[in-house]
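The values are calculated or read from the model by the stated rules, or taken from the named source; none is laboratory data. Values in this document were obtained by computation on a predicted structure and should not be read as measured data. When we count neighbours, we look across all protein chains shown, and the Cβ atoms used for this are built from the backbone with ideal geometry, even at glycine. Quick note on the areas: whole protein, heavy atoms, side chains included, nothing else; ligands and nucleic acids left out. Shrake-Rupley method; radii C 1.70, N 1.55, O 1.52, S 1.80 Å.
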Amino acid sequence: MTDIAVIGGGPAGLMAAERLAQAGCRVSIYDRMPSLGRKLLMAGRGGLNLTHSEPFDIFLTRYSTPAPQLEAALRAFPPEALRTWAAGLGEETFAGSSGRVFPKSFKASPLLRALLRRLEALGVRVHTRHAWTGFSENGVVFATPQGEREVRADAVVLALGGASWPRLGADGGWTKILTAKGVPVTPLAPSNCGVRIDWSETFRSRFSGTPLKRIAVEAFALEVAGELVVTDYGLEGGALYALTPVLRDALSTGETGLAIDLRPDLDEAGIVQRLSHPRRGATLTNFLRKALKLSPIQTGLLRESGGRELPTDPAALARLIKHVQLKVTGLQGLERAISTAGGIPFAAVTDDFELQSLPGVFVAGEMLDWEAPTGGYLLQASFATGIAAAAGVLARSGAGG
Ligand SMILES: Cc1cc2nc3c(=O)[nH]c(=O)nc-3n(C[C@H](O)[C@H](O)[C@H](O)COP(=O)(O)OP(=O)(O)OC[C@H]3O[C@@H](n4cnc5c(N)ncnc54)[C@H](O)[C@@H]3O)c2cc1C
C-alpha cells in the first residue's frame, strides 16, 4: 500500500486526502494547528460562498492566471461537481440571486464535520500540532510539541495555503523551505483586501464602521457595483476586493486612486434634473438627502473628496456624485486579507501538479500562484486543485492500492 503524507488540512488538503484514501492509499494529514480547516470555518462566518453558478466559460475568466493546469483542474471538478460532492456530505446548496452558491445551512461547520467523519471512516489519520519544517532522505520532517518527528512517505501533497489571516494556520512559512530547495515562488501579497485612505479626522470619527450601500467603485476602467464599509484606515468590501490586482499593480509605483459612484442607477443628466429643484433654504445635507436619497456618510464622502464647499452648480455637483475621487495610499496587509496572490508559479508544476524540481512532491490550493475575486472562486479552485494533486499522485504511483 502507498503511504501518502498530506500536509495542510484546509480545503485543498482535505479534498486530496479524501480522493487518495478512496483510491486505497494509506493517508495521513498533518497540520500545524490544533484542529483542521480553520480558514474554511472562518469563511463560513459570513455565509460560506462555496462556488458560483454562472456559465462555466465566464466562470473560468475570473481566474487571473490562465494556466492550463488550473483550467484542467477546474474542468475536471467544476462547480456542479462541487455542489454534488457537498450534497453527498449532507449539505445541499442553493444559488443566490447573484449566482453565488451557498450551502443551505450557510455555514462551513456541518460540511467540515461531515468531511472529517468521512475521512475517519476511510482510515485517514490526522496529526495536528505538526508543523512541517522540511524534507528528510525518505520523507518529511515536522516540529511537534514532543520534538522533531520524521515521517516516511511515498509521496507528499503540500496544501499549505497562502499567508492571509496567518493566525488561522497558513502563514506562508513554507516559502522559505521551498525556495531553499530551488522551487521558484512569486512573492506572496494580499488579495481581496481593504485599501488605506487618509480620511480627515472628522470623517473618520463620524463614519468609521458605516456601510456605503448600492454604490459602484471604479479604478483603471474597471467598475464593480456592490457595498463598501468605511474603516479607521480606509475602505473594505466586496465592491473593492475585485479591484485588488489593478490597485496592487498601480501601488507598486506609488499612490493611486479610485472613484466611487454614489448613484450608479442614475446618469449625470438624471442627477442634474433632481438637483435642479429649488433648495428652499435647506442645508446641503438635507437637500441631497431629499433630492437624491444620499445618506449623511455619502454627503460626508463628497466633502472628503471635493472639499468643504461643494459646488453649487448642479452639473458640477452631479459629476462629483458620480466620481468621488479618493487617494489610495496602500493595501491592507495579509493579516486581514481574504486571500493571497503569488505562490508557486504553474510553470514550476507538471500537468500532474508535481513540483518539477522535487519529484514525489505535489502541490494544491492557495499556495499555487493564481488569483480570483470573492464569489466562491477561491474555494472552488482550492478543492479542484486538491483533486488534481491527488490524481497526480495516483497517476505516478500506479493508483494507490
Ligand atoms: C475571512 C475569510 C473569508 C473567506 N470566505 C470565502 C468564501 O466565502 N468563499 C471562498 O471561495 N473563499 C473564501 N475564503 C478563502 C478560502 O477560505 C481559501 O481560499 C481556502 O481556505 C484556501 O484553501 P487551502 O486549503 O489552499 O489553504 P488553507 O485553508 O489556508 O489551509 C492551509 C492549511 O495548511 C496548514 N499549514 C500551513 N503551514 C503549515 C506548516 N508549515 N505545517 C503544517 N501545516 C501547515 C494551515 O494550518 C492550514 O490548516 C475566505 C477567506 C477568509 C480569510
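List of remarks:
- Residue within the range 189-201 that is over 24 Å from G254 (Cβ atoms) and in contact (Cβ under 8 Å) with a residue 60 or more places away in the chain present: no
- Screening R100, R32, R83, R38 for residues that are within 15 Å of the ligand (Cβ to nearest atom), closer than 15 Å to A384 by Cα, in contact (Cβ under 8 Å) with a residue 24 or more places away in the chain and open to solvent by 20 Å² or more (accessible area, probe 1.4 Å) leaves exactly one candidate, R83.
- For the range 305-320, residues that are over 17 Å from H277 (Cβ atoms) and of a type outside the set (A, V, I, L, M, F, W, C) total 6.
- Among the helices (runs of 4 or more DSSP H) confined to the range 155-256, the ones with at least 1 residues that are touching a helix residue (DSSP H, G or I) at 6+ places or on another chain (Cβ under 9 Å) and within 16 Å of the ligand (Cβ to nearest atom) are located at 174-180, 238-241.
- Put simply, of A16, A21, A72 the only residue that is closer than 20 Å to D352 by Cα, open to solvent by 40 Å² or more (accessible area, probe 1.4 Å) and among the small types (G, A, S) is A72.
Matching residues to (1) open to solvent by 30 Å² or more (accessible area, probe 1.4 Å); (2) closer than 25 Å to A390 by Cα; (3) touching a helix residue (DSSP H, G or I) at 6+ places or on another chain (Cβ under 9 Å):
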position: D267; (1), (2), (3): yes, no, yes
position: L284; (1), (2), (3): no, no, yes
position: P296; (1), (2), (3): yes, no, yes
position: P311; (1), (2), (3): yes, no, yes
position: L331; (1), (2), (3): no, no, yes
position: A337; (1), (2), (3): no, no, yes
position: P359; (1), (2), (3): yes, yes, yes
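- First in the range 111-127 and part of a loop (DSSP other than H, G, I, E, B), second anywhere and open to solvent by 70 Å² or more (accessible area, probe 1.4 Å) and not β-branched (V, I, T), Cβ under 7 Å, 6 or more apart: L122/Q22
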